Amino acid sequence: MNRTNLIIAAGVAAICATAHAAQPASLLAATNPFAKASPLQYGYPQFDKIQNDDYAPAFAEGMRQQAAEVDAIANNKKPATFDNTIVAMEKSGQLLSRVSSVFGNLSGANTNDTFKALERELSPKLAAHSDAIRLNGKLYARIKSLYDKRDKLHLDAESKYLLERYNTDFVRAGAKLSAADKEKLKAMNAELAKLQTTFAQNVLEEANASALIVDTREELAGMSDKAIDAAAAVAKTRGLEGKFAIPVVNTTGQANLAVLTNRATRERLMAASLTRGSHGGKFDNTQVVLQLAKLRADKAALLGYPSFAAYALEDQTAHDPEAVNKMLSEFARPAVANAKKEGAEIQQVIDKENGANGNSFQLAAHDWSFYSDKVRAERFAFDQNQLKPYFELNSVLTNGVFFAANKVYGLSFKERKDLPVYHPDVRVFDVFDADGKQLAIFIADFYARSNKRGGAWMNAYVSQSSLMGTQPVVANHLNIPKPNDGEPTLLTYDELRTMFHEFGHALHGMFSNVKYPRFAGTRVPRDFVEFPSQVNEMWSTQPEVLANYAKHYQTGAAMPQELLDKVIASKKFNEGFRTTEYLAASILDQKWHQLGATQIPTDVLGFEAASLKAAGVNYAPVPPRYRSTYFSHVFAGGYSAGYYGYLWSEKLDADTVEWFNENGGMQRKNGDYFRKMLLSKGGTMDAMDMFRAFRGRDARIEPLLERRGLTEK
């Protein structure tokens, strides 16, 4: 559940903007939709006019234009000033930003073979373009000359912080390296870009290719007739008429494991998930993982750091690997203890059901979801299937997510059909502030597709900036299975929570009230960015909100109070599992990225197993949420050495939920204060200073421990 950036353009994202300013004469055909800022409201992309062939020339011209702009800044004969250097950099690269935002977002949400080929071609070129900017000696000399006298420039707080961030960004990118080392770094960055693209494409391709294929309907017992029919239709599209196919989603856990009654089928489905990217063949990622780990360690060493984690974490709120290791280790023991306690309860159910006939078995990973629902039903007298009729997608969105945003922040929403979309399932909404003025445009893309990457995320097509005169155009993406025509979309509890979570990211983008593009919306440290989105999850079970959206999709009847109470009472259920699978993935991320350049192993799965054992999270019934070979967050995305950030942010989130409760809960005064002190500020100041200014102190850990059930003896 993360915000996404175009992986191959990540190096230039922070120095691109999206508005009108003086530019070099364009060599791009005027008919290209990217040649000028979109004429649609707020620069909303012209999806109906953009063709596959438009991207490559727009990228080429965008890079050429920004290179010319940067060259003019670096070679300016006049002494460096904040305006002619820093502000000029903020205004550079408008064309490149326009095409990057659309291409980057659609390559995740609606890709095709042309996108994939262009992504592979562009990744090293964009890495080289970014390096040409960040490693420009003349440009950095101007930035440093300003940085050295920053206290004498009489800058406002946001401008001064921008100057400091530019200096830090350039130094971390290698601006102080020798000429020879700069060339080494350029080669590393180009290769890293190619490998990350390869990893991401392998994960997507294998997810589509590694569907579980079964021969009979009986093997899929427990799934609904409609779901089985859908599996038959998927198999038919693959040339397997008469068979049934269940596609694999990106996480280790698979939704159908909760309903499949045939244990052998569950075992095969889990095996298909766990072995992705590691069993040879076209999409094997083991060598890609090793090459990425080695290159990242080499890059860190070149920049003067003992490991890539040390390099990456220095610029996060955690600051160093020791702090992250301490947090993860503190959670590991109680989390695994809770998971084992939960496993023992599941084993009792297994033995009770199967012991009489001598067919009992030991709990395995493929049994957990199926039998944990039985434990839930026994303990709380309900199961997930009782909830789904009350969680119809449109009601959750309009009467839940939007309703909460209205109550807390005064926002209102109006769906519109006049703007083009890139897929028929995409919906568009105008977002209005409490005073009636339009604040943003919100794009909702909720359904899974074979050409859409897994998971859930938010992105900005246009970011807010008073310097550039831009307003937000933000999007949420989920991967909810689309039902057959005429059938309602009924959400699981996790899907419901994810919808609230991702909208928290959207609010962070929409409430942005900053001057400079560098600081807009969610452009904050990776281990801070999940904080606002996790806070927004609190409203999903707020009684006033839950009562407003949790209505039976057929009768309109409200969820019975008894069932509603059980939902709230069961919030800590299965937290041992959830925390352990997350911790295992976070620990793998750190283990890979805390390696020195001479410590890279040769056996990916062996290293993974040893790492989990050493950390005490090698509890077989609870595998990592992501194994190394399909861990796109860290090997293809922006969370390298940063996956811990969800838990790090949740500490802030849990403490903030406590603040809301202490101050009266769902009230406009509380929402307005949270917006003013935090959501509107983007990255304009140190993230932890921002939190302290809001909360009046550092975050306490106790609310998080209590939330996750880790305080119980």
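The values are calculated or read from the model by the stated rules, or taken from the named source; none is laboratory data. These figures come from a predicted structure and were not determined experimentally. Ideal geometry is used to build each Cβ from the backbone, glycine not excepted, and the neighbour counts take in all protein chains shown.
Exactly one residue among Ala444, Ala440, Ala404, Ala448 is closer than 17 Å to Arg668 by Cβ and not acidic (Asp, Glu), and that residue is Ala404. For region 524-550, taking the residues that are surrounded by 24 or more Cβ atoms within 10 Å (Cβ to Cβ) and of a type in the set (Asp, Glu), the one that is farthest from Gln464 (Cα to Cα) is identified as Asp527. Within region 126-145, residues that are outside any helix (DSSP H, G or I) reach partners that are surrounded by fewer than 22 Cβ atoms within 10 Å (Cβ to Cβ) with beta carbons closer than 6 Å, at six or more positions or on different chains, in the pairs Leu135/Lys182; Asn136/Ala74. Of everything in region 452-464 that is assigned to a loop (DSSP other than H, G, I, E, B) and at pLDDT 95 or above, the residue that is farthest from Asn110 (Cα to Cα) is Gln464. Step by step: first the residues of region 635-659, then only those that are among the polar types (S, T, N, Q) and part of a helix (DSSP H, G or I), then the one that is modelled with the lowest pLDDT. Which residue is that? Across region 635-659, the extreme among qualifying residues is Ser649. Checking every residue in region 431-451 against the condition of being among the charged types (D, E, K, R), surrounded by fewer than 17 Cβ atoms within 10 Å (Cβ to Cβ), closer than 30 Å to Ser107 by Cα and touching an Asp or Glu at 6+ places or on another chain (Cβ under 7 Å) gives zero matches. Of note, Leu106 does not satisfy the criterion of being touching a Phe, Trp or Tyr at 6+ places or on another chain (Cβ under 8 Å), surrounded by fewer than 19 Cβ atoms within 10 Å (Cβ to Cβ) and either closer than 29 Å to Asp689 by Cβ or not β-branched (Val, Ile, Thr) (or both).
Of the helices (runs of 4 or more DSSP H) lying entirely inside region 259-364, the ones with 1 or more residues being in the same structural domain as Gly222 (by TED's automatic domain parsing) and either surrounded by 14 or more Cβ atoms within 10 Å (Cβ to Cβ) or touching a Pro at 6+ places or on another chain (Cβ under 8 Å) (or both) are found at 263-274.
Looking across region 45-74, the residues that are in a loop (DSSP other than H, G, I, E, B) and surrounded by fewer than 18 Cβ atoms within 10 Å (Cβ to Cβ) come down to Gln46, Asp48, Lys49, Gln51. May I ask you to verify whether Arg217 is more than 33 Å from the chain's Cα centre (by Cα) and buried (at least 19 other Cβ atoms within 10 Å of the Cβ)? Against the criterion (more than 33 Å from the chain's Cα centre (by Cα) and buried (at least 19 other Cβ atoms within 10 Å of the Cβ)), Arg217 does not qualify.
Taking region 660-675 as the range and being part of a helix (DSSP H, G or I) and surrounded by fewer than 18 Cβ atoms within 10 Å (Cβ to Cβ) as the test, the residues that pass are Asn661, Glu662, Arg668, Lys669, Asp672, Tyr673. Counting only residues that are modelled with pLDDT of 95 or more and β-branched (Val, Ile, Thr), region 546-577 holds 1 of them. Can we say Ile587 is in contact (Cβ under 8 Å) with a residue 12 or more places away in the chain and over 21 Å from Ser329 (Cβ atoms)? Spelling it out, it is not the case that Ile587 is in contact (Cβ under 8 Å) with a residue 12 or more places away in the chain and over 21 Å from Ser329 (Cβ atoms). Residues that are in a helix (DSSP H, G or I) and of a type in the set (Val, Ile, Thr) were ranked within region 231-258; the one that is surrounded by the fewest Cβ atoms within 10 Å (Cβ to Cβ) is Thr237.
Selection of region 487-523 for residues being of a type in the set (Val, Ile, Thr) and either surrounded by 24 or more Cβ atoms within 10 Å (Cβ to Cβ) or over 15 Å from the mean Cα position of the chain (by Cα) (or both) yields Thr489, Thr492, Val514, Thr522. With respect to the conditions (1) free of Cβ contacts under 8 Å to residues at least 60 places away in the same chain; (2) farther than 30 Å from Leu162 by Cα; (3) β-branched (Val, Ile, Thr), Val634 falls short on a single one, namely (2). For region 380-424, a residue qualifies if it is touching a His at 6+ places or on another chain (Cβ under 9 Å) and of a type in the set (Asp, Glu), and exactly one does: Glu392. When only residues in region 75-116 that are assigned to a helix (DSSP H, G or I) and among the charged types (D, E, K, R) count, which is farthest from the chain's Cα centre (by Cα)? Among them, the one singled out is Asp83. Scanning region 406-426 for residues that are among the small types (Gly, Ala, Ser) and in a strand (DSSP E or B) turns up just one, Ser412. Every test in (1) buried (at least 19 other Cβ atoms within 10 Å of the Cβ); (2) at pLDDT 95 or above is passed by Asp425 save one, and that test is (1). Examine region 433-449 for a residue that is among the basic types (Lys, Arg), touching a helix residue (DSSP H, G or I) at 6+ places or on another chain (Cβ under 7 Å) and touching a residue at least 40 places away in the same chain (Cβ under 8 Å), and state whether such a residue exists. Looking through region 433-449, none of the residues is among the basic types (Lys, Arg), touching a helix residue (DSSP H, G or I) at 6+ places or on another chain (Cβ under 7 Å) and touching a residue at least 40 places away in the same chain (Cβ under 8 Å). Of all the residues in region 172-197, those that are surrounded by fewer than 21 Cβ atoms within 10 Å (Cβ to Cβ), assigned to a helix (DSSP H, G or I) and either without any contact (Cβ under 8 Å) to a residue 60 or more places away in the chain or of a type in the set (S, T, N, Q) (or both) number 6.
I'd like to check something: does region 420-431 contain any residue that is of a type in the set (Phe, Trp, Tyr), touching a residue at least 12 places away in the same chain (Cβ under 8 Å) and touching a strand residue (DSSP E or B) at 6+ places or on another chain (Cβ under 9 Å)? Yes, some residue in region 420-431 is of a type in the set (Phe, Trp, Tyr), touching a residue at least 12 places away in the same chain (Cβ under 8 Å) and touching a strand residue (DSSP E or B) at 6+ places or on another chain (Cβ under 9 Å). Of all the criteria given as (1) surrounded by fewer than 18 Cβ atoms within 10 Å (Cβ to Cβ); (2) at pLDDT 95 or above, the one not satisfied by Arg165 is (1).
On the basis of being in contact with a Leu (Cβ under 6 Å, 6 or more places away or on another chain), farther than 30 Å from Gln384 by Cβ and not assigned by TED's automatic domain parsing to the domain that holds Ser100, does Tyr516 make the cut? In short, yes.
Applying the set (1) in a helix (DSSP H, G or I); (2) in contact (Cβ under 8 Å) with a residue 60 or more places away in the chain to Lys160 leaves exactly one unmet item: (2). Would you check if there is a residue in region 555-574 being touching an Asp or Glu at 6+ places or on another chain (Cβ under 6 Å) and in contact (Cβ under 8 Å) with a residue 24 or more places away in the chain? Among the residues of region 555-574, not one is touching an Asp or Glu at 6+ places or on another chain (Cβ under 6 Å) and in contact (Cβ under 8 Å) with a residue 24 or more places away in the chain, which makes the answer no.
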